[in-house]
Amino acid sequence: MSNVGRPVNHAAREAKTDKIINGAIQCFVKKGFHGAGMAEISRKAGVSQANLYQYFASKNELILEIAKRYFSRDMDALRRVESASDFQAALEQEAYLTGDKTGTIMYMEILAESSRNPDIKRLVLASSQDLYNVSCAIFRKAQESGAIGRHLTPGQITHFIFSYVDGLSCHIATTDTEYSSELFRLFMQTLLRPTT
C-alpha cells in the first residue's frame, strides 16, 4: 500500500473552510465567542463535528482565522483606497459600514475578545499597526500632492478616522439605525480640507 495520501483538492478544502467560517460567524454574532460551542457551529455549517476539528483544532483557532480574515478585508479596503484615482471618494465608499451589521458585530466581538485572549490581542495589535502604517502613508502622499491640507499630521488624520469608524461600528452594532453618508462626507471634507 502506498504511503502517499490522496492529493489535496484545494478548491474543495477552501470551500469547506469558508462554509465553516460562515457558520461560525452566524453563531458568534448570535451568541458571542463564548456562548457558541463547536457542536452548534458544526450544525450551522452543515459538517460533522469530527470534520470541523479536521479544519480547526480548537475554537480559539477558528476565532483567530475569523479575526485574520476581518483584518485582511480591512487591509484590502485600504489598498483599494491607496490605488484609487480619487482617494477621498474611495475612502468614503470603503468606510461605509451600514448594511454589514453582521460584519460590524463580528468586528466588535473580535475587539472585545482581544481584551481577554492573548492570541487575539497579538493579532489585533499587529494588524492595527499595519492598517495604521498604510493609512498614514496614504495621507502623507495626499499631503505631498496637495490634495489635502497639512493642518494635521498623517497620524492624526488616521487616528480621527479610525476613531470615527470604531465609534460608528459600536453604534451600528447596537442599534437599528443607519448613519448618514452625507454627514460622513462632511466629516471627511472638514478633516482633509486643502490648505487655504
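On the stretch given as the stretch 80-116, residues that are basic (Lys, Arg) and touching a residue at least 40 places away in the same chain (Cβ under 8 Å) total 1. A single entry from Asp119, Asp130 fulfils the requirement of being in contact (Cβ under 8 Å) with a residue 24 or more places away in the chain, assigned to a helix (DSSP H, G or I), in contact with a Leu (Cβ under 8 Å, 6 or more places away or on another chain) and acidic (Asp, Glu): Asp119. Exactly one residue out of Ser72, Ser114, Ser83 is at pLDDT 90 or above, of a type outside the set (A, V, I, L, M) and surrounded by 15 or more Cβ atoms within 10 Å (Cβ to Cβ), and it is Ser114.
When only residues in the stretch 79-109 that are out of contact with any helix residue (DSSP H, G or I) (no Cβ under 7 Å at 6 or more places or on another chain) and either not polar (S, T, N, Q) or not assigned by TED's automatic domain parsing to the domain that holds Ile138 (or both) count, which is nearest to Arg122 (Cα to Cα)? Break it down into steps so the answer makes sense when it comes.
Of the stretch 79-109, the ones out of contact with any helix residue (DSSP H, G or I) (no Cβ under 7 Å at 6 or more places or on another chain) are 79, 83, 85-86, 89, 93, 99-100, 103.
Applying the additional criterion that residues be either not polar (S, T, N, Q) or not assigned by TED's automatic domain parsing to the domain that holds Ile138 (or both) yields 79, 86, 89, 99-100, 103.
Details: Arg79: 22, Asp86: 34, Ala89: 32, Gly99: 29, Asp100: 25, Gly103: 21 Å.
Here the residue is Gly103.
Any residue that is among the small types (Gly, Ala, Ser), in a helix (DSSP H, G or I), outside the structural domain of Phe184 (by TED's automatic domain parsing) and in contact (Cβ under 8 Å) with a residue 40 or more places away in the chain - is there at least one of those in the stretch 58-78? Give the derivation first.
In the first step, residues of the stretch 58-78 are kept if they are among the small types (Gly, Ala, Ser); the result is 58, 67, 72, 77.
Keeping just the survivors that are in a helix (DSSP H, G or I) gives 67, 72, 77.
Retained after the next criterion (residues that are outside the structural domain of Phe184 (by TED's automatic domain parsing)): none.
No, the conditions are met nowhere in the stretch 58-78.
The numbered conditions (1) touching a residue at least 12 places away in the same chain (Cβ under 8 Å); (2) more than 19 Å from Ala67 (Cα to Cα); (3) touching a Lys or Arg at 6+ places or on another chain (Cβ under 8 Å) are all true for Ala173 except (2). The set of residues in the stretch 161-184 being exposed (fewer than 15 other Cβ atoms within 10 Å of the Cβ) and touching an Asp or Glu at 6+ places or on another chain (Cβ under 9 Å) consists of Ser181 alone. If we keep just the residues of the stretch 88-103 that are aliphatic (A, V, I, L, M) and either more than 13 Å from the chain's Cα centre (by Cα) or at pLDDT 80 or above (or both), which is farthest from Arg69 (Cα to Cα)? By that ranking, first place goes to Ala89. Candidates are the residues of the stretch 133-160 that are crowded, with 17+ Cβ neighbours inside 10 Å and outside any helix (DSSP H, G or I); the one that is modelled with the lowest pLDDT is Ile148.
With the requirement that a residue be among the aliphatic types (A, V, I, L, M) and buried (at least 17 other Cβ atoms within 10 Å of the Cβ), what does the stretch 39-69 give you? Give the derivation first.
Within the stretch 39-69, the first condition is being among the aliphatic types (A, V, I, L, M), and the residues that meet it are 39, 41, 45, 47, 50, 52, 57, 62-64, 66-67.
Ile41, Ala45, Val47, Leu52, Leu62, Ile63, Leu64, Ile66, Ala67 - these are the residues of the stretch 39-69 that are among the aliphatic types (A, V, I, L, M) and buried (at least 17 other Cβ atoms within 10 Å of the Cβ).
The values are calculated or read from the model by the stated rules, or taken from the named source; none is laboratory data. Bear in mind that the values here come from a model prediction, so they are computed numbers and not experimental data. In this analysis, Cβ positions are derived from the backbone assuming ideal geometry, glycine residues included, and neighbour counts consider all displayed protein chains.
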